[in-house]
Amino acid sequence: MTEEIIQITLSNGMKVLLKEIHTAPLVSSWVWYRVGSRDEVNGRTGISHWVEHMQFKGTPEFPASVLDKAISREGGMWNAMTYLDWTTYFETMPADKIDLGLRLEADRMVNSAFDEQEVGSERMVVISEREGNENEPQFQLGEAVQGAAVRVHAYHHEVIGDMADLHSMTRDDLYEHYRTYYIPNNSIMAVAGDFDTDQMLERIKELFEPIPAGAEPARLARPEPEQKGELRLSVEGPGETTYVQACYRFPNASHADFFPLAVLDSLLAGPSNLNMFGGGISNKTSRLYRALVEKELAVSVSGGAQATIDPFLYSINMTIHPQRKPEDALSALDNEIKRIQDEQVNEDEILRAIKQARAIFAYGSENITNQAFWMGYAEMFADYNWFLSYLDNLAAVTPADVQRVAQQYLLPKSRVVGTYVPNGGEA
Amino acid sequence: MASVRHSLPGADDIHRVELPNGIVLLARANFNSPSVVISAYLHAGGLLDPDEKLGLADFVSSALMRGTQRRDFQKLYDELESVGASFGYNSGTHYAGFGGRSLVEDLPLLLDVMADTLQNPTFPVDQVEKLRAQMLTGLAIRAQDTSDMASLTFDELLYAGHPYSRSDEGWPETVQAITLDDLEEFHRRYYGPRGMVISIVGAVEPEKAVGEVERVLGGWQNEAQEDAPALPEFNPPTKTIQRHHAIAGKSQSDIVMGSHGPKRSDQEYMPASLGNNILGQFGLMGRIGDVVREQSGLAYYAYSHLSAGVGPGAWYVNAGVNPANLEKATELIKQELKRYVDEGITAEELADSQANFVGRLPLSLESNGGVAGSLLNIERFDLGLDYYRQYPDLVNAVTVEDVLETARTYIDPERLVIATAGP
């Protein structure tokens with residue numbers, strides 16, 4: 001996954017990244033928009049995700065029922081995702097059928113109908129999606145912790161939005177959001193697979209260049225103030241299982257500390273899976289697994305951070321052992337954090353983290369969809385070079401760097417600790 | 001462009017060898033990425049559990065990675081994770097599955113861990129108890145999961161009196177009842193080379209891969225190994241049965257409703273599979289998705305699934321709905337099933353799904369894991385090494401009448417199993 005790629009910006013400001021891969025007769029095409037929950041104010045939470053749903057409801061040229069059938073008929077896979085910083089749409093198709101994916105993305109960049117009745121029925125679908133999330137204790141806990149950890153920045157709310165806003169937003173709100181952010185100069189196209197670059201570029205220009213640029217969307221500027229002390233909260237709900245989530249302030253992905261923190265995360269909580277498609281590896285030898293699960297304080301532990309445009313959170317999730325108390329697990333967590341702050345890690349541990357990342361990237365390179373994903377994804381918070389130099393940047397991390405970032409970021413005063421307290425079978 | 005046909009596995013690029021001790025090996029090369037996958041199974045699934053010790057096969061499969069004569073738990077995982085490799089076991093109804101992946105330079109380690117954990121597990125008591133606590137927590141979490149509980153209830157109703165009605169993961173009291181001796185005895189009786197199938201796909205020459213496996217497992221013998229018993233006869237329900245499993249405090253309920261389905265080896269499998277695609281998969285989840293999600297806005301997910309394996313299959317619709325809409329959604333799905341068996345499908349719908357089945361093959365067989373799974377499928381159901389190359393012809397041979405006839409064989413709107421879980 002280290003080959004060079006072609007990068008071109010069209011006359012309307014849309015950036016295009018192309019990478020020929022001739023291992024299988026497939027092409028994966030992604031369009032990324034720089035819009036997500038970070039662009040949502042109170043009263044409009046969840047609007048980016050709902051707009052993503054509406055993008056499957058059709059245009060005059062491709063009505064909803066035609067759209068999904070056309071992709072499936074050709075043996076393609078397509079989907080979309082909305083996140084804190086971005087919304088993305090992709091089609092992975094047999095190589096000779098990818099034109100359909102390109103045409104439909106160019107079409108729905110401007111022509112989606114947002115029919116009033118469709119908005120009404122999709123409102124219920126999104127509410128149902130949220131109700132499904134609410135069934136999960138870890139969603140309930142995560143939402144509460146995120147809301148407490150981020151007070152000012154729009155990363156405050158879940159991508160799916162608050163129920164109140166899902167009930168009150170209108171068709172015109174959605175359509176305005178669509179028209180504001182779905183413009184070529186706010187988007188990136190990334191295509192990987194079995195194609196000829198010149199032909200592909202020509203076709204992309206033909207389809208996308210006629211779409212006029214729009215006004216650069218205004219961005220919310222509400223940086224999160226410094227946290228002045230630990231916050232603790234609890235969420236109560238059904239079940240028998242106790243969960244604890246501890247969230248620390250974490251820098252943005254383009255910050256130099258991101259890489260020593262990635263090594264720190266790998267040592268503490270096991271290597272994060274870096275692929276959207278393609279597997280990660282197990283986590284049974286990390287420091288937290290040994291201190292929590294092997295010592296029977298928890299039955300599972302995981303940790304991780306997201307690569308984001310603005311500073312967000314590093315979260316550690318523990319499922320508490322049925323015979324133990326959450327405070328025992330938390331104090332074991334604190335001991336491990338203190339150890340990594342007090343004692344420099346071994347150089348070998350860093351080499352191990354690098355080898356793990358190399359293996360995970362190799363697994364991801366088995367499929368073209370994942371390779372195309374990385375091209376656009378890296379652009380959302382940095383650029384493709386961030387991905388290409390990832391292993392080199394890990395290799396440059398020293399034991400002293402790891403110790404410094406552990407001391408700087410993993411502080412009780414800049415964390416939120418949430419506990420899901422089960423109330424047995426009762427509602 | 002890369003050729004479609006060449007990208008699919010076939011007799012000319014699958015290397016298949018049967019070792020004298022009974023292990024069948026399948027290998028195919030893929031040098032596009034420096035990684036390798038192992039995927040395998042043997043006959044050691046939950047079907048072999050005594051009623052009072054449900055979860056035993058599952059417990060054994062997880063415990064294999066908890067320590068061997070040569071490696072304790074931490075050493076096993078330290079060797080794997082240090083090189084970014086993974087290896088593990090799982091258990092289903094008929095089979096225990098196992099496998100892993102690594103960079104190709106670490107394949108010898110992967111094979112050594114496989115051979116070691118298969119043959120020399122020690123079931124250390126402290127590790128077994130840790131595992132038991134994890135399993136019990138898993139069951140407590142399952143008891144709160146509306147989708148899992150609706151599925152379990154569906155199996156209990158559909159397969160009443162048949163071993164498929166049982167939970168492979170067991171229940172808290174059956175997992176509590178399992179002893180160390182039970183684990184050791186199960187391993188002794190059911191883990192052995194006979195009936196074991198192993199596939200290896202990745203950046204290694206197939207002959208070399210097969211030779212490596214033979215080196216580590218070719219000498220394995222287990223004279224105590226027993227065969228799995230035959231399945232008893234299955235009698236589908238003769239009337240509609242409905243049951244609700246109450247879980248307090250939930251904001252969404254799950255519905256699992258449907259009937260039995262064909263075995264994977266039945267002639268009806270392909271028409272049922274294409275029909276299922278039309279019913280609840282194609283596009284945004286087929287006719288079911290269209291009616292329940294797109295038109296009514298009742299659910300975020302609503303689809304149908306055909307589960308076809310060794311024994312009698314299941315054919316069901318799953319949807320997650322607001323508890324207030326449970327009856328309405330159930331009725332809508334029932335009507336859709338009725339329409340499906342009354343009116344059948346159109347030639348256009350069939351052509352669409354046939355094109356979908358054929359067109360998506362390269363995508364499903366793109367990664368090493370996808371190919372390794374397909375090789376196991378070929379062996380498990382005796383499909384022939386050229387199955388995926390012949391697949392387009394098999395798919396396109398199905399007629400509208402075949403689909404309708406198959407639908408009527410299995411789905412009777414007056415004899416449905418309807419399982420729901422939620423508040």
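Observations, loosely collected:
- Karplus (6.51, -1.76, 1.60) ³J(HN,Hα), θ = phi - 60°, over region B:254-262, in Hz, Gly and Pro reported as x: 10, 10, 10, 9, x, 8, 7, x, x
- Listed by chain and number, the lysines whose C-alpha is less than 21 Å from the C-alpha of A:Lys15, apart from same-chain residues fewer than 8 away, are A:Lys205.
- Dividing the summed -39500 (n - 2.57) terms of all DSSP H runs of n ≥ 4 by the residue count of chain A sets its mean residue ellipticity at 222 nm at -12500 deg cm²/dmol.
- Karplus-derived 3J(HN,Hα) values for region A:211-221, using 6.51 cos²θ - 1.76 cosθ + 1.60 with θ = phi - 60°, are 6, x, 5, x, 5, 4, x, 5, 10, 5, 10 Hz; glycine and proline are entered as x.
- Rounded to the nearest 0.05, the FRET efficiency derived from the C-beta distance between A:Asp99 and B:Ala160 at R0 = 56 Å is 0.60.
- Distance between the pseudo-spin-label points of A:Asp115 and A:Glu4 (7 Å out from Cα toward the beta carbon): 4.9 nm.
- Within region A:126-162: backbone nitrogen closer than 15 Å to the A:Val421 label point (7 Å, Cα to C-beta): A:141
- Relative contact order (%) - criterion: Cα under 8 Å, at least six apart; region: chain B: 23
- Annotated for region B:221-371: lysine pairs at least 8 residues apart or interchain, Cα distance under 19 Å, count 4.
- Comparing Cα centroids, region B:1-63 and region B:367-420 end up 19 angstrom apart.
- Between B:Arg189, B:Arg66, B:Arg28, the GNM of chain B built on Cα springs shorter than 10 angstrom shows B:Arg189 fluctuating the most.
- Degrees between helix B:146-158 axis and first principal axis of chain B (Cα, 0 to 90, nearest 10): 80
- If R0 is taken as 22 Å, the Cβ-Cβ distance between B:Lys208 and B:Asp12 corresponds to a FRET efficiency of 0.80.
- Distance (nanometres) between label positions extended 7 Å along Cα→Cβ at B:Asp227 and B:Asn90: 2.9
- Contact order, relative form, for chain A: 23 percent (alpha carbon pairs under 8 Å, 6 or more residues apart, mean separation divided by residue count).
- Shielding of A:62-74 by partner chains, average beta-carbon count, 10 Å: 5
- Rounded to 10°, Cα long-axis angle of helix B:73-82 versus longest principal axis of chain B: 80
- Note on B:Gln242 and A:Thr398: the model spin-label points, each 7 Å out from Cα along the C-beta direction, lie 7.1 nm apart.
- Centre separation in Å (Cα based) which lies between region A:87-110 and region A:376-396: 26
- Centre separation in Å (Cα based) which lies between region B:306-322 and region B:123-150: 24
- Neighbourhood charge, 15 Å Cβ-Cβ cut-off, centred on B:Ile23 and excluding it, Lys, Arg +1 and Asp, Glu -1: 0
- Overall form of the protein assembly as shown per C-alpha gyration tensor (a/c, 1.5; a/b vs b/c): rounded
- Partner chain coverage, peptide B:276-284 - average Cβ within 10 angstrom: 3
- For B:135-146, mean number of other protein chain Cβ atoms within 10 Å: 5
- When shorter helices are ignored and each DSSP H run of at least 4 residues is given -39500 (n - 2.57), the per-residue value for chain B at 222 nm works out to -13000 deg cm²/dmol.
- Couplings 3J(HN,Hα) for region A:297-303, derived from phi with the Karplus relation 6.51 cos²θ - 1.76 cosθ + 1.60 (θ = phi - 60°), are 8, 9, 9, 7, 8, 8, x Hz, where x marks Gly and Pro.
- Short-range pairs are left out: with C-alpha atoms under 8 Å and at least six residues apart, the relative contact order of region B:241-422 is 38 percent.
- Proxy reagent accessibility, fewest Cβ within 10 Å first, across B:Ser167, A:Ser254: A:Ser254, B:Ser167
- Degrees, to the nearest 10: B:269-280 long Cα axis against longest axis of chain B: 60
No value in this document is a laboratory result; all are computed from the given coordinates. Given the structure is predicted, the values throughout are model-derived calculations rather than measurements. With ideal geometry, Cβ positions are generated from the backbone for all residues, glycine too; neighbour counts draw on all protein chains shown.
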